[in-house]
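The structure under discussion appears below in the form of structure tokens.
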Amino acid sequence: MAQYGLIEAGGTKVLLGVSDAAGAISARHRIATTTPEEVIGAAIGWFHENLPHPTAIGIASFGPLDLSPGSETWGHIRHTTKLGWSGADVVGPFSRAFACPVGIETDVNGAALAEARWGAGAGSGSLLYLTIGTGVGGGFVSDGRLLHGLSHPEMGHIRVPRHADDAQFAGVCPFHGDCLEGLASGPAVIARWGCSLSELPQEHAGAAMIGWYLGQAVCSFQAVMDPARIVLGGGVMATPWLLDMVKAEAATAGGGYFVGDPAAVVVGPGLGSDSGLLGALAVALAL
Ligand code: ZN
């Protein structure tokens with residue numbers, strides 16, 4: 001029976017798993033994210049013990065990644081502030097250690113594939129997954145295929161209009177200042193109000209402001225991609241009342257123009273805590 005090696009690489013931890021094609025995870029392991037040499041060495045060691053002959057290995061990793069077809073550094077981490085990881089080859093060591101195909105996608109693209117296949121988008125044909133947390137990112141799946149350009153999309157860095165009461169805040173994106181990530185990510189919330197969104201009372205002006213920004217973003221993504229489902233995940237979206245606020249703001253911003261009503265299109269994630277590993281499985285199954 002086909003058995004897949006799963007790797008979910010995050011900024012603080014790397015999760016490993018073994019599963020069948022249906023997503024039944026039979027073994028799992030957790031490694032702290034230290035240096036690439038330590039993490040990749042430990043992961044290869046664990047797979048040698050737990051799945052010496054994988055059918056394929058899927059990696060869903062933090063980025064930015066080089067996913068340009070034909071690039072000499074395909075599967076490497078691009079520039080990053082994570083110490084030691086800039087330029088790290090994530091795929092090569094696994095390809096050399098195991099005689100099987102190894103695939104890689106960004107963590108958000110992996111989550112989009114998994115949500116489209118098994119989660120909130122199952123049967124819907126097209127799905128946009130947006131994560132709003134430490135960073136903001138997005139992946140779009142249409143008929144089971146991910147949207148790629150030169151590399152992977154960087155949807156968190158779109159420009160959004162300024163909220164009328166937010167003119168003084170410079171934004172926290174080191175590259176663009178006040179892009180969507182710069183204005184609506186977790187660090188942008190903390191930079192303005194000193195706490196996370198879930199710690200603010202719902203009636204706080206900051207709560208409405210973040211809901212408004214995300215509503216503008218959803219409206220823009222509807223205009224560009226017209227997804228049947230827009231899944232909003234990530235730490236900021238764990239704020240219980242935020243989803244309904246974003247739906248309402250997106251509906252107002254869209255003016256009833258789009259086929260998809262945000263009240264029905266915009267949803268929370270359908271997969272639980274295994275969504276990252278299932279994303280890695282979706283990457284492996286696509287090989
Ligand atoms: Zn940016």
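The values are calculated or read from the model by the stated rules, or taken from the named source; none is laboratory data. Source: prediction; values computed, not measured. FYI the Cβ positions are ideal-geometry reconstructions off the backbone, even for glycines, and counts take in every protein chain you see. What goes into the accessible areas is simple: the full protein's heavy atoms, side chains included, and nothing from ligands, DNA or RNA. Shrake-Rupley method; radii C 1.70, N 1.55, O 1.52, S 1.80 Å.
With every protein chain left in place, what is the accessible area of Arg28 in Å² (1.4 Å probe, nearest 10)?
Here the residue's solvent-accessible area equals roughly 130 Å².
From the backbone phi of segment 116-131, what are the Karplus-calculated ³J(HN,Hα) couplings (6.51 cos²θ - 1.76 cosθ + 1.60, θ = phi - 60°) in whole Hz, Gly and Pro given as x?
Once rounded to whole Hz, the list reads 5, 8, 10, x, 5, x, 4, x, 9, x, 8, 8, 10, 10, 10, 10.
Under a 1.4 Å probe, what is the accessible area of the chain per residue, stated in Å²?
44
So which GluC sites (Glu not before Pro) in segment 153-220 are both in a DSSP loop and have at most 14 other Cβ atoms within 10 Å of their Cβ?
Of the GluC sites (Glu not before Pro), the ones in loops of segment 153-220 whose Cβ has at most 14 other Cβ atoms within 10 Å are Glu203.
Carbon-plus-sulfur fraction of the accessible area of segment 129-212, 1.4 Å probe, in percent?
Exposed carbon and sulfur together represent 54 percent of the surface.
Quote the accessible area belonging to Leu200 in square angstrom, nearest 10, computed with a 1.4 Å probe and with ligands, DNA and RNA left uncounted.
Looks like 10 Å² after rounding.
Suppose every K and R has +1 on its Cβ and every D and E has -1 on its Cβ; what is the size of the dipole of the chain about the Cα centre, in Debye to the nearest 20?
180
Rounded to the nearest Å, what's the spacing between the alpha carbon centres of segment 1-46 and segment 59-138? Just the number, please.
14
Which whole-number percent gives the relative contact order of the chain, counting Cα pairs below 8 Å spaced six or more residues apart?
21
May I have the pair-distance distribution P(r) for the chain, computed from all Cα-Cα distances with 5 Å bins from 0 and rounded to whole percent?
1, 6, 13, 17, 18, 16, 13, 9, 6, 3, 1, 0
Would you compute, from DSSP H runs of 4+ residues alone, the mean residue ellipticity of the chain at 222 nm, taking -39500 (n - 2.57) per run and dividing by the full residue count, rounded to the nearest 500?
The per-residue figure over the chain is -10000 deg cm²/dmol.
Taking amide hydrogens as modeled 1.01 Å from N in the peptide plane, which residues meet the under 5 Å criterion relative to Gly233, leaving out close sequence neighbours?
Amide H to amide H, under 5 Å and 5 or more residues apart or across chains, Gly233 pairs with Leu130, Thr131, Ile132.
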